[in-house]
Amino acid sequence: MMRTKIAIALMSVIFMLAVAIISNMFYLLPGSNESVLVELMSTISFFGSLIFLSDARKVLPRWYLAVPFCISLFLLVIVSFWEVSGEELLSDYRYLVTPIMITLLALLSPFSLLVFLSLHRHPDSMKAYLAVSSVASIISVFSLFFAVWEISLRHSHEVSFSDGLIAIYLLYWLVVMPITGLSFIHYALKQRNTKIP
């Protein structure tokens, strides 16, 4: 179904966040702010996930595995809106924005694995997509574990991280996320002559 293929392609958008930031695409948006770019890209992916769920629940027995991905995108939309809304909105808790966004971005890879598992009935080579998502999930969970560990050792208002954790997250944002996004796009393109299961 063309609609489902488009939905899967839209879901990949958030994984290209680092590419968009490096390309300075946020300068094309109001406010010239990375958070505006996160808001836009997460919103696009969120609507893609809604379309995917709407179609998948009619034909996929394990469609519900894609629900966590959709929820994480919805929360990312809310948190990034909180970031771009200005100092007035819950200003006493704005120090939480960065850790929450890091957590939600890290969770996208494990949840993308669940999306591919929901499609696992399809005869096309799902092993490659599952392998990519599994490796991405391991890296993201590893980085998330160390992020939580570092945050727990700091005062509540500190948001700086060690060089090691920053290196892990750069690997995740610059390599793992784009590869995961390309997996979504590749899957969508590969279905041009067949129906999504």
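A few remarks follow.
- Residue among S42, S35 that alone is open to solvent by less than 40 Å² (accessible area, probe 1.4 Å), within 15 Å of the chain's Cα centre (by Cα) and modelled with pLDDT of 90 or more: S42
- Sole residue being at pLDDT below 70 and closer than 25 Å to V77 by Cβ, chosen from L113, L174, L144, L107: L144
- For the stretch 54-64, residues that are part of a helix (DSSP H, G or I) and open to solvent by less than 40 Å² (accessible area, probe 1.4 Å) total 2.
- Here the condition is being open to solvent by 70 Å² or more (accessible area, probe 1.4 Å), under 13 Å from the mean Cα position of the chain (by Cα) and modelled with pLDDT of 75 or more; of I6, I14, I71, it holds for I71 alone.
The values are calculated or read from the model by the stated rules, or taken from the named source; none is laboratory data. Everything numeric here is computed off the predicted structure, so don't read it as measured data. With ideal geometry, Cβ positions are generated from the backbone for all residues, glycine too; neighbour counts draw on all protein chains shown. Just the protein is used for accessible areas: all its heavy atoms, side chains included, with ligands, DNA and RNA removed. Shrake-Rupley method; radii C 1.70, N 1.55, O 1.52, S 1.80 Å.
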